[in-house]
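Throughout, read-outs are computed from the coordinates displayed, never taken from laboratory work. These numbers come from a predicted model, not from an experiment. For neighbour counting, all protein chains shown are included, and Cβ atoms are generated from backbone atoms with ideal geometry for every residue, glycine included.
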Amino acid sequence: VAHSMRGGEVFVRDDIGYRGGIHMKEYRNKRPVLVVGGTSRAFLGEYMAGGLLIVLGIGSDRAVSERGIGSGIHGGEIIIRGEIDEWYLGVGAKSFPFTDNDRERIRPYIEEYCRLFGGDAQQLLSAEYTRIGPASARPFANKYTWE
């Protein structure tokens, strides 16, 4: 779902499969947003170049329980409810502290999700989250022989 998404908002009530949000990319004022109510499988947000991907993990112990999260990410951010162990992150991905400012930024999307599908927005907003983004703008720069 949301493969190469370039703008707009997609809200998924339940789970998604592998490689959700692969190669999402922002362009000027167009920022794609994917909100997943359930869980995601491996390689979530692979090669992301922009946008916002939120996984709520409603009804599950872990929102994402497979590896490769953000492999090759060089823009955008992935926000996952709950704690994500570092070894779940793919090459080029890094976890960052989730701040009160981040919580306010995702508020409209959580509220819209709950408006569409039901649920307690305040309960979801009060949960702990992990924010994942690029470790650098060029995650594979060391793979090139001329550098």
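Things worth noting here:
- For the peptides 108-114, 81-87, 71-77, residues were scored by their other Cβ atoms within 10 Å and the scores averaged per peptide; the highest-first order is 71-77, 108-114, 81-87.
- Whole-number percent relative contact order across the chain, with pairs defined as alpha carbons under 8 Å at least 6 apart: 19 percent
- Between residue 62 and residue 100, the contour length at 0.36 nm per residue exceeds the Cα-Cα span by 11.5 nm.
- Helix 100-117 axis, angle to the chain major axis (alpha carbon atoms, nearest 10°): 60 degrees
- Using a Förster distance of 30 Å, the FRET efficiency for residue 91-residue 122 (Cβ separation, nearest 0.05): 0.25
- Between residue 29 and residue 9, the distance separating the two model label sites (each 7 Å from Cα on the Cα→Cβ line) works out to 1.6 nm.
- A convex hull fitted around the alpha carbon atoms of the chain yields 107 Å³ per residue.
- Counting DSSP beta bridges with both ends in the chain, the antiparallel % (nearest 5): 40 percent
- Entry note, the chain: the mean residue ellipticity at 222 nm calculated from DSSP H runs of n ≥ 4, each adding -39500 (n - 2.57), is -5000 deg cm²/dmol after division by the residues and rounding to the nearest 500.
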